[in-house]
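Structure first, commentary second.
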Amino acid sequence: MIGILIVLCIFTLTYFLGYYIYCNYFRAEHVPYELLKSKRVIITGASRGIGEQFAYEYAKHGTCLILASRQLKDLEPVAQQCRTLGCQQVECVEFDAGKVRKRVKNGMVLICIAVQHF
Ligand SMILES: NC(=O)c1ccc[n+]([C@@H]2O[C@H](COP(=O)([O-])OP(=O)(O)OC[C@H]3O[C@@H](n4cnc5c(N)ncnc54)[C@H](OP(=O)(O)O)[C@@H]3O)[C@@H](O)[C@H]2O)c1
């Protein structure tokens, strides 16, 4: 009987300790969707794959978007779809993250465009 009680106590303590650690160190804060409307988001690699899907998800919540990739022509259809989904402000920017020397400059350019346009 005592053994069962001890096991039960250890189990309960472990459970609450684990829950405490999870809540304080690992649980991501929920961002209310309304907040996304007032944000400006830069997405590099937005012409296809996961970047494209991110663009559509943000667009649904009315976020202002800067879409970037090396091929401007591939971004236009994505931008159009974003507008259809409810994004009012979307800009396409040619951006090459692979050019190491220009990366910081190009990154700053993206930020400046985001600030200037929206
Ligand atoms: N798909 C998966 O299952 C998977 C799994 C794990 C990790 N990943 C990683 O997640 C990332 C995205 O993968 P994905 O499959 O969704 O996309 P993807 O088909 O690889 O497309 C990459 C996107 O990034 C752009 N891009 C490529 N090189 C670039 C550069 N130098 N500068 C700026 N933009 C560039 C491409 O457009 P442009 O060609 O026009 O520049 C495109 O929009 C990749 O890094 C991939 O390694 C993917």
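In summary, ALA97 fulfils each of the numbered conditions (1) in contact with a helix residue (DSSP H, G or I) (Cβ under 9 Å, 6 or more places away or on another chain); (2) small (Gly, Ala, Ser); (3) modelled with pLDDT under 85; (4) part of a helix (DSSP H, G or I) with the single exception of condition (4).
Within the range 45-78, the set of residues being closer than 12 Å to PHE95 by Cβ and either part of a loop (DSSP other than H, G, I, E, B) or more than 7 Å from the ligand (Cβ to nearest atom) (or both) comprises GLY45, ALA46, SER47, ILE66, LEU67, ARG70, GLN71, LEU72, LEU75. Those residues that are closer than 10 Å to CYS82 by Cα and either in contact with a helix residue (DSSP H, G or I) (Cβ under 7 Å, 6 or more places away or on another chain) or buried (at least 18 other Cβ atoms within 10 Å of the Cβ) (or both), I need them from the range 37-60; list them, please. Across the range 37-60, the qualifying residues are GLU52, ALA55, TYR56, TYR58, ALA59, LYS60. Residues of the range 1-36 being at pLDDT below 90 and either of a type outside the set (A, V, I, L, M, F, W, C) or touching a helix residue (DSSP H, G or I) at 6+ places or on another chain (Cβ under 6 Å) (or both), which ones? Of everything in the range 1-36, those that are at pLDDT below 90 and either of a type outside the set (A, V, I, L, M, F, W, C) or touching a helix residue (DSSP H, G or I) at 6+ places or on another chain (Cβ under 6 Å) (or both) turn out to be GLY3, TYR22, ASN24, TYR25, ARG27, GLU29, HIS30, PRO32, TYR33, GLU34.
The values are calculated or read from the model by the stated rules, or taken from the named source; none is laboratory data. For clarity, every value in this text was computed on a predicted model and none was experimentally measured. For neighbour counting, all protein chains shown are included, and Cβ atoms are generated from backbone atoms with ideal geometry for every residue, glycine included.
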